[in-house]
1. So if I check each of B:195, B:277, B:293, which one is over 24 Å from residue B:5 (Cα atoms), within 26 Å of the chain's Cα centre (by Cα) and β-branched (Val, Ile, Thr)?
2. Inside region B:86-122, can you point out the residues that are β-branched (Val, Ile, Thr), crowded, with 22+ Cβ neighbours inside 10 Å and over 17 Å from residue B:330 (Cβ atoms)?
3. Keeping to region B:378-408, report how many residues are assigned to a helix (DSSP H, G or I) and buried (at least 19 other Cβ atoms within 10 Å of the Cβ).
4. Being in contact with a Pro (Cβ under 9 Å, 6 or more places away or on another chain) and farther than 27 Å from residue A:6 by Cβ is the requirement here; does residue B:89 meet it?
5. Can you tell me how many residues in region A:40-52 are more than 8 Å from chain B (Cβ to nearest Cβ), under 27 Å from residue B:35 (Cβ atoms) and outside any strand (DSSP E or B)?
6. Name the residues in region A:1-26 that are surrounded by fewer than 16 Cβ atoms within 10 Å (Cβ to Cβ) and either small (Gly, Ala, Ser) or away from chain B (no Cβ under 11 Å) (or both), would you?
7. Yes or no: residue B:80 on the phi < 0 side of the Ramachandran plot and within 23 Å of the chain's Cα centre (by Cα)?
8. For the subset of region B:188-219 comprising residues that are of a type in the set (Asp, Glu) and over 25 Å from residue B:290 (Cα atoms), which member is surrounded by the most Cβ atoms within 10 Å (Cβ to Cβ)?
Amino acid sequence: MLIKILGSGCAKCNRLEQLTREAVAELGIEASFEHVTEMDKIMAYPIMTTPALVVDEKVKVSGRMPSKDELLGWLKAG
Amino acid sequence: MDWMITALQGGMASLASYLAAHVLLCLVPAFFIAGALSALVPQQSIIRFLGPDASKWVSYPAAAGAGSLLAVCSCTIQPLFAGIYKKGAGLGPAVTFLFFAPAANILALAYTGVALGADFAIARIVLALSFGIGIGMIMAALYREGDVARLADVETFAAGGGIPGRTLLFLGALVALLIAGTLKLDFLTAGLLHVEMPWSGAAAVQAGLDQLVPVNEAAGAEGLSLQGLILIGLLGAISVFAWKGLGQVDNGFNRLTPVALALTALTLAFAALGMRVTDTGVLLTVTGRTLAVSALCLAIWPLARRFDGWDVQQWLWETWRFVKQIFPLLVVGVFLVGIIRVFIQPEWIRSIAGANTVLANMAGVVFGVFMYFPTLVEVPIAKMFLSLGMHPGPLIAYLMADPELSLQSILITAAIIGKLKAWTYVGLVALFSTLAGLTYGAWVDGTSLLILAPGVIGFVALIVTSLHLIERGRQATRKE
């Protein structure tokens, strides 16, 4: 599973990455992480706000912090 | 040695007046509002109006709305600006958004209102709004040709829901708290109940404080009152409890969360209390403001309970993040401003910007462009200039230019929209800030609003109509 965190490196983005890593560890799944900070690459996704979470090239959430249950749901389904 | 003591006292005086009751009553609710805007307002509720097909009657006001509601955090400004420009409504609204955001966010507005006066806050928002839209439209007209190749992706602007009613109600209560704490209205300031607390040591403590931080009304130094000292103590206590209570609230509420919140409410209520040291003790005055602030603090509790636990956690976490990010910078900035204040001769400021001239306004703008101050520190700097005799006109010119234009923001803008457009934008902002200063200065100098308001409205209307006509002309030629 490829997980991308989109965001310019602000506090919220780092927090999202941390939450996602915790969720991945909890589920015990294989996933590689990428933190995308370049604005051009971020804008290639259909989002206007960061932080955003992209799982296997699908945008799951943008502009807000998902709750742990939401995260677990996406990672299980993905 | 004497000058060092004077300088340090200047810094302390500046800090003391910053931590005084009226500033806390404005900044503390403003931080909570900023947190709520960031955590609870669904961004899609405004972004959906900024799509590529939105008419400019919708997209420009929506861009301004996004500037004041969504852009409280720097994480939002850059992607939103790039997004509006590259995928959405285009260069014009993107520029309006960029221009309006730093002047109209709740923290800047509330702090300006308390430190410099409500008229400065109102002037800042009105001028930023009208000129922000004006600059956006000029930019859109200038670069119309290069602005057609935009990615059209519908998904980005999918209509989400609006802002839920409970969020509006919650924000309304927080704004009411901010207003009740700051407005100088008779029914808020009138004393309802006086309580005299006998404490013989009070006068001695106040005398000691006066020696440490002398009151100097000419320089705008308010000194440090006993109430101020207690408030600083309370703030210290809040920061100790909030470090864990609010800073780690996203892992679930912990035991310190309610303690930190209760202390915050207590601090607000105490700040709203009138307190005067007399010969025999301390005279406490319960005012309308005390009651209003206490009642609103209590009312926020049931309103917050209507949200999911997760949303409330996000709200508190965001609020604390803003405090952590901005408050230390402000404290240091305010202290340094107080020290610098001691060394600047009022004559220098008065000779450069003491009157509302074109040159003085341009000086304000130039100072704003070349100096970069962290968020909100422009306000104490402006306050210092005001007390040194700067004319309100050039001051507004400075206040408009400083947060909009710094070398850093110019570089970021250039990376997104290109160098030529970025420098055009810089030129326009400099021009319009000078105009804004001149307008406000003329109003302060007594030019009637009846002459100025039609002037400003006419100027903006002129831009809007002429650009509208140019565009219609272009569309007509394209059809032929």
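1. Values: B:195 fails: within 26 Å of the chain's Cα centre (by Cα); B:277 fails: within 26 Å of the chain's Cα centre (by Cα).
Only one candidate passes the filter, namely B:293.
2. Once the filter is applied, which keeps residues that are β-branched (Val, Ile, Thr), crowded, with 22+ Cβ neighbours inside 10 Å and over 17 Å from residue B:330 (Cβ atoms), region B:86-122 yields B:95, B:96.
3. Keep residues of region B:378-408 that are assigned to a helix (DSSP H, G or I), which gives B:378-387, B:392-404, B:407-408.
Subset that is buried (at least 19 other Cβ atoms within 10 Å of the Cβ): B:378-385, B:392-404.
Counting residues in region B:378-408 that are assigned to a helix (DSSP H, G or I) and buried (at least 19 other Cβ atoms within 10 Å of the Cβ) gives 21.
4. On the way: in contact with a Pro (Cβ under 9 Å, 6 or more places away or on another chain): yes; farther than 27 Å from residue A:6 by Cβ: no.
So residue B:89 fails the test.
5. Step one: list which residues in region A:40-52 are more than 8 Å from chain B (Cβ to nearest Cβ), which gives A:40-41, A:44-45, A:52.
Then drop every residue that is not under 27 Å from residue B:35 (Cβ atoms), which leaves A:45, A:52.
From what is left, the residues that are outside any strand (DSSP E or B) are A:45.
So the count comes out to 1.
6. Residues of region A:1-26 surrounded by fewer than 16 Cβ atoms within 10 Å (Cβ to Cβ): A:1-2, A:9, A:14, A:18, A:21-22, A:25-26.
Passing the criteria: A:1, A:2, A:9, A:21, A:25, A:26.
7. Details: on the phi < 0 side of the Ramachandran plot: yes; within 23 Å of the chain's Cα centre (by Cα): yes.
Considered against the rule, which asks whether it is on the phi < 0 side of the Ramachandran plot and within 23 Å of the chain's Cα centre (by Cα), residue B:80 comes out as yes.
8. If we take residues in region B:188-219 being of a type in the set (Asp, Glu) and over 25 Å from residue B:290 (Cα atoms), then B:210 is surrounded by the most Cβ atoms within 10 Å (Cβ to Cβ).
The values are calculated or read from the model by the stated rules, or taken from the named source; none is laboratory data. Computed from a prediction, not measured in an experiment: that's the story for all the values here. Note that we place each Cβ from the backbone using ideal geometry, even for glycine, and neighbour counts take in every protein chain shown.
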